[in-house]
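Written out below as structure tokens is the structure these notes cover.
Please treat every number below as a calculation from the coordinates, not as lab data. Source: prediction; values computed, not measured. All Cβ positions, glycine included, derive from the backbone under ideal geometry; neighbour counts span all protein chains shown.
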Amino acid sequence: MGERTYTLRDPRTLREVPVVVRRDKRLKKSARWTQRPDGSLVVRIPSRFPWREVPPLLKEIEAHLERLARQAARRTDETLAQRARQVNRRYFGGRVPWVATSAG
């Protein structure tokens with residue numbers, strides 16, 4: 001019984017994603033998790049981690065994903081451009097021209 005499957009709501013996609021929880025003998029204290037390219041999560045827990053503690057751990061991961069979604073919503077091209085204009089005015093007196101570059 002080293003692996004169990006749960007589901008979790010990903011706030012970035014607003015979909016339920018599968019979560020595979022695996023015991024890992026190499027881990028001693030902390031759980032580790034990664035997100036696969038398909039959106040599913042793999043959570044590795046120490047071999048002595050009690051299964052009853054997994055649902056609260058998944059709530060923490062879900063809260064972390066919500067924080068990431070909020071941060072991503074704030075980081076738009078427009079906010080970056082606005083910040084660049086503020087820095088230009090504050091430190092360079094507006095003297096630095098904006099130049100569009102293209103990789104090509």
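See the values below:
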| item | result |
| --- | --- |
| For the chain, size of Cβ-based charge dipole, Lys and Arg +1, Asp and Glu -1, in debye | 520 debye |
| Charge dipole of the stretch 3-92 about the Cα centre (unit charges at C-beta), most positive-ward option of Ala84, Val17, Ala72 | Ala84 |
| Fluctuation leader among Val21, Val54, Val87 - the chain, Gaussian network, Cα springs under 10 angstrom | Val87 |
| GNM result for the chain, Cα springs below 10 Å: residue of Thr34, Thr79, Thr13 fluctuating most strongly | Thr79 |
| Neighbour cut-off at most 16 other Cβ (10 Å), DSSP loop, trypsin sites (Lys or Arg not before Pro), the stretch 5-104 | Arg12, Lys25, Arg26, Lys28, Lys29, Arg48, Arg75, Arg95 |
| Gaussian network model of the chain, springs between alpha carbon atoms under 10 Å - residue of Gln86, Gln71, Gln35 with greatest fluctuation | Gln86 |
